[in-house]
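See structure below.
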Amino acid sequence: MPTILERYQKAFPKDQELAQQANKVLPDGITSDGRYMEPFPIYIKESNGSKKWGVSGQEFIDYRGGNGALLLGHNPPEIVAAVTKQLQLGTHYSACHPLEIEWANLIQELIPSAEKVRFTNSGTEANLLAIRLARTYTGKNKILRFLGHYHGWQDSVILGAGEGENTPSGIPSYIASQTIACPPNDLDIVEKYLREDPDIACIILEPTGGCSGVVPITGQFLAQLRELTLHYGVVLIFDEIITGFRVHPGGAQTYHQITPDLTTLAKVVAGGLPGGAVAGRQEILNLISKKVQKKTLKSTKVSHLGTFNANPVSASAGIAMLTAIKTRKPHKHINELANYFRQQLNQIIDDNHLDWVVYGEFSCLKFLIGHGLKGLKTADFNPHTLDYRKLMYRGNPYLRQYLRLGLLLNGIDISLSSVIMAAHSTKDIDQTVTAFSQTIAWLKTENLI
Ligand SMILES: Cc1ncc(COP(=O)(O)O)c(C=O)c1O
């Protein structure tokens with residue numbers, strides 16, 4: 001019987017060939033660290049609805065959902081129509097255009113704290129701008145962030161994006177020293193920092209927990225953070241780049257009824273195309289405004305430029321996406337389907353007596369492959385009681401890799417942090433559950449579990 005690795009190498013010959021070509025021109029053959037895969041990644045040539053098709057001819061049910069951007073699925077007709085129309089009307093006017101107003105109005109309609117909006121090209125850029133605004137507004141320098149929360153790859157927030165507090169390469173120590181990376185969900189530590197360090201400008205976090213809920217957060221924690229930040233004059237930034245429009249049409253802040261000072265958006269907001277935004281309190285966003293600065297005779301204008309900010313193509317996709325979200329129809333479907341999916345996968349995990357679990361809230365799926373809690377049934381798993389480092393570790397890397405390869409071989413593209421899209425059906429889920437069972441059987445044959 002061939003091993004999973006042997007099967008993978010045999011099943012994806014064209015992918016392997018492309019990977020060899022890619023390695024010659026791209027470091028590791030990839031274009032984003034998140035796409036790194038051993039022995040080589042798969043290459044996709046087409047996608048539609050809940051599916052993707054690879055260069056070696058396989059069909060995959062996709063749960064990666066454009067890294068969370070594709071809330072509706074691949075190529076939803078309303079977005080395709082809007083983008084196609086816009087491509088014929090022009091991709092860049094080097095000028096203002098009506099779509100950016102419509103786009104901002106929709107954001108404002110869905111997210112009540114969005115008194116003003118500024119568009120960027122990505123989530124990384126949105127957080128960069130939000131932090132710059134917070135520093136200018138408060139006149140302070142430091143950022144407090146939580147270990148494991150991801151806010152993009154720019155210098156001041158990449159530190160602490162993983163589990164450790166080590167400074168990543170290429171970040172000057174004088175920049176790293178301005179970032180405080182706290183363990184997640186520990187209010188006492190946050191308060192201690194705020195009490196002892198008067199130079200903290202902002203707290204930034206993912207409002208359902210790092211990696212959209214791998215280490216989940218409670219609404220109570222958010223409420224307490226809100227109180228603390230108000231007390232200490234610190235700007236509270238909700239990074240809703242994944243949660244925005246996904247956990248609720250009004251984001252996690254509407255779900256939990258907590259109003260941050262600033263919200264950063266990307267992914268869903270741009271309808272599956274590149275784009276992002278900072279939204280929030282007028283008083284803070286107006287630090288970008290020349291007019292307001294002139295009127296108040298202040299010299300604190302925050303610079304923000306960008307060739308592709310609010311480009312008409314992304315705007316057209318964003319408008320189509322947010323218009324669909326306004327109906328609230330997608331959310332009921334994706335949340336119910338995600339619940340069903342988690343239950344089905346957990347049933348198989350229990351039947352096989354594995355110390356794995358699939359958890360997560362809303363339409364987010366989190367896999368923990370080896371929690372080490374002997375005899376624990378998946379129904380009794382509570383991520384709030386587990387050490388955050390264990391949740392972030394996600395389990396045995398070797399096993400995780402073979403699980404991923406096995407699932408790809410069985411026509412499923414899913415990672416440890418995945419999402420349900422509106423295009424998914426119960427049939428997709430049932431097919432995936434069968435693939436999951438098959439992969440577990442292979443892992444057993446290889447004595448990997
Ligand atoms: C919560 C969160 N913040 C920020 C980012 C960075 O966004 P981008 O990749 O658009 O720069 C991401 C991307 O995955 C994210 O998930």
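The values are calculated or read from the model by the stated rules, or taken from the named source; none is laboratory data. Only a predicted model underlies this, so the values are computations on that prediction, with no experimental measurement involved. Every residue, glycine as well, gets a Cβ built from its backbone with ideal geometry; the counts of neighbours run over all protein chains shown. Protein only, heavy atoms only, side chains kept; ligands, DNA and RNA dropped before computing areas. Shrake-Rupley method; radii C 1.70, N 1.55, O 1.52, S 1.80 Å.
Each Lys or Arg adds one and each Asp or Glu takes one away; over the other residues whose Cβ falls under 10 Å from the Cβ of L322, this sums to -1.
Using the Cβ atoms and a cut-off under 13 Å, what net charge is assigned to the surroundings of N141, where Lys and Arg are +1 and Asp and Glu are -1? If you can, show how the numbers build up before the last one.
Working: positive: R132, R135, K140, K142; negative: D197, D199.
Net of charged neighbours comes to +2.
Pairwise Cα separations in the stretch 77-326 fall into 5 Å bins from 0 onward with the following percentages, short to long: 1, 7, 14, 18, 19, 17, 12, 8, 4, 1, 0, 0.
Computed from backbone phi, the HN-Hα couplings of the stretch 25-36 come to 10, 10, x, 6, x, 10, 10, 7, 3, x, 9, 5 Hz, rounded to whole numbers (Karplus: 6.51 cos²θ - 1.76 cosθ + 1.60, θ = phi - 60°; Gly and Pro given as x). Calculated [222 nm] ellipticity per residue, helices only, for the chain: -13000 deg cm²/dmol; basis is -39500 (n - 2.57) per DSSP H run with n ≥ 4, divided by all residues, nearest 500.
When all alpha carbon pairs of the stretch 40-154 are counted in 5 Å bins from zero, the resulting P(r) reads 2, 8, 11, 15, 18, 17, 12, 10, 6, 2, 0, 0 %. Find out how many positive minus negative residues lie around E59, taking Lys and Arg as positive, Asp and Glu as negative, among other residues whose Cβ is under 12 Å from that of E59. Summing Lys and Arg as +1 and Asp and Glu as -1 gives -1. Annotation note: trypsin sites (Lys or Arg not before Pro) in the stretch 294-330 located in DSSP loop regions with a Cβ neighbour count of at most 16 within 10 Å are K298, K301, R328.
Among 42-48, 271-277, sorting by the average number of other beta carbon atoms lying within 10 angstrom of each residue, highest first, gives 271-277, 42-48. Sorting K52, K116 on solvent-accessible area from highest to lowest, probe radius 1.4 Å, gives K116, K52.
About its Cα centre, what dipole magnitude does the stretch 227-296 give when the only charges are +1 on Lys and Arg Cβ and -1 on Asp and Glu Cβ, stated in debye to the nearest 20?
The dipole magnitude comes to about 440 debye.
For the stretch 74-118, what class follows from the C-alpha gyration tensor (a ≥ b ≥ c being the square roots of its eigenvalues): rounded when a/c is under 1.5, otherwise prolate if a/b is larger than b/c, else oblate? Because a/c hits 1.5 or more and a/b fails to exceed b/c, the stretch 74-118 counts as oblate.
For the chain, with every protein chain kept in place, what is the accessible area per residue (1.4 Å probe, Å²)?
Accessible surface, normalised per residue, equals 45 Å².
Loop-located trypsin sites (Lys or Arg not before Pro) across the stretch 353-449 with a Cβ neighbour count of 13 or fewer within 10 Å are K374, K377, with loop assigned by DSSP.
Of the accessible area of the chain, computed with a 1.4 Å probe over protein heavy atoms only, carbon and sulfur atoms account for 52 percent. Build a GNM of the chain with springs between Cα atoms under 10 Å apart, and of I101, I242, I79 the one that fluctuates most is I101. Counting 0.36 nm for each residue step from E38 to N382 and taking away their Cα separation leaves a gain of 120.7 nm.
Normalised radius of gyration (Cα atoms, divided by 2.2 N^0.38 Å) for the chain: 0.99.
Rounded to the nearest 20, the size of the Cβ-charge dipole of the chain about its Cα centre is 1000 debye, with Lys and Arg at +1 and Asp and Glu at -1.
If the elastic network links every pair of Cα atoms under 10 Å, which of N396, N127, N185 fluctuates the most in the Gaussian network model of the chain? Comparing N396, N127, N185 in the GNM, the peak value goes to N396.
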